[in-house]
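See below for the structure under consideration.
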Amino acid sequence: MTAVTDPDHIVIAGYAVEAPGGIDTPRAYWSALESAVELVGPFPRDRGWPIDDLLSVSELDGWGTVRDAGGFLTRAAEFDPSFFGIGQREAIATDPQQRVALRVAWRALENAGINPGALAGAEAGCFIGCSPMEYGPPGAEVNEYSGLRIIGHGLLSAAARISHCLGLLGPSMTVDAACASSITALHLAAAAVRDGDCEWALAGAVCVMGSPIAFYEFARHNALSADGHCRSYSDDATGTLWGEGAGVVIVERESRARRLGHRVHGRLLASHHNHNGAGKPILVPRTDAQERLIRTTIAKAGIDPADIGMVEGHGTATRAGDPVELRALQNTYGATGSGTLLGSVKSNAGHAQAAAGMLGLVKLLLAGRHGLIPPTLFADNPTTRVDWERSSLRLATEVEPWEPRDGQRYGAVSSFGAGGSNAHAILAMPVHEENDDA
């Protein structure tokens, strides 16, 4: 059982999410997860993408197929600039990743019972995972948005935009660790609160594709799904499927949450991040690095890994990535004999890149709240690239009850970046007797 080394844990006191399929509340998100709904749809036709060209790249020598499919936010272009005190022209010049992150952060504060309009001067931090996306006309030309792009560029100011809008005075940082950005942002936010850099913080991530560059790049690597589905950990997996999303959580010390009457959705027992190092191509994942990461996080958490009932994995559905991740998980959680269940929300919504880990984290929090582990789509035919009999790790193929241990449900979430960055977190979700509305 858990060895409590820090009784005043960093906790998650509120959260918000946006996911494909028009989902913009935790309740709608959980309903889709519990019902095993696939949230994938065709390419958006309102972004000016060269779709005919994109769907025909397989005709080029050495290129893979691009299907008319992905996990896209249906409200990515919607934004009320006056509500957030931003001019119309500046809002148009601002990367939609900033706009989505801002509104999700606002809702996360409301979820925690915090008035976003009364935070000016607060010693609060903001850590937002975000990777560069192409958006708008080229910056190296004279146009009506020249001068506004300095702040409007997504990676430059995703966190700064939130801090400025709310008037927060704590550290503000946009984090780019590729697909590991979400949990890295959580790790940095927790460290800032723990070290006294701020009283509390927003931690989150966002991904909105202003252009289809990611589809072109992975088609050239023949690493996209051949059938338009993200078949995480499945033997039918042929590649990943890109998606979008956003999530923000509120982190603070448990003593502060209790004092202010904030609900504790989960205790962050430990988090850690590392890098693959040299020796293999930069895009190639490493079992040894991921295993070191997980073992270090378990040691920092001071728990028995057999207590972990659910792991929300990365699960990119690539033939290189999934077996590497599975072996690291088998060598750690799978070696306990406890039958830990594994899944990935990418099977529902595609690979949300920088925001992937945050969608996974919110899924874990909701599963802990409801006491149910939702299924992973396409898990009925697990990959044969690993030996499943050598460990007790299993895929969640249907809704499973999640029994607590000493009033807690222990879970973990992983995210691994294309540049070699890896991040892992372990949380304890307390069983609540009060109203469990999401």
query = What do you reckon, is LEU109 open to solvent by 20 Å² or more (accessible area, probe 1.4 Å) and of a type in the set (A, V, I, L, M, F, W, C)?
reply = no
note = Here, helices (runs of 4 or more DSSP H) confined to segment 107-195 with at least 3 residues that are at pLDDT 95 or above are 154-166, 181-194
message = Suppose we keep only residues that are of a type in the set (D, E, K, R) and within 21 Å of the chain's Cα centre (by Cα) within segment 250-291. Which one would you say is modelled with the lowest pLDDT?
response = ARG286
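Before we move on, is ASP68 charged (D, E, K, R), modelled with pLDDT of 95 or more, touching a helix residue (DSSP H, G or I) at 6+ places or on another chain (Cβ under 8 Å) and over 21 Å from ALA428 (Cβ atoms)?
yes
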task = Identify, by number, the condition in (1) within 28 Å of VAL11 (Cβ to Cβ); (2) touching a Leu at 6+ places or on another chain (Cβ under 9 Å) that HIS351 doesn't meet.
result = (1)
key: Members of segment 167-184 found to be open to solvent by less than 30 Å² (accessible area, probe 1.4 Å) and free of Cβ contacts under 8 Å to residues at least 60 places away in the same chain, listed by number   = GLY167, LEU168, GLY170, VAL175
query = in contact with a helix residue (DSSP H, G or I) (Cβ under 6 Å, 6 or more places away or on another chain) and either assigned to a helix (DSSP H, G or I) or surrounded by 24 or more Cβ atoms within 10 Å (Cβ to Cβ) (or both): does that describe GLY204?
reply = yes
ask   = Only one residue in ARG75, ARG89 is basic (Lys, Arg), more than 18 Å from GLU244 (Cα to Cα) and open to solvent by 60 Å² or more (accessible area, probe 1.4 Å). Which one?
value = ARG89
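The values are calculated or read from the model by the stated rules, or taken from the named source; none is laboratory data. Values in this document were obtained by computation on a predicted structure and should not be read as measured data. A quick note on method: Cβ atoms are made from the backbone with ideal geometry, for glycine too, and the neighbour counts reach across all protein chains shown. For accessibility, only protein heavy atoms count, side chains too; no ligands or nucleic acids. Shrake-Rupley method; radii C 1.70, N 1.55, O 1.52, S 1.80 Å.
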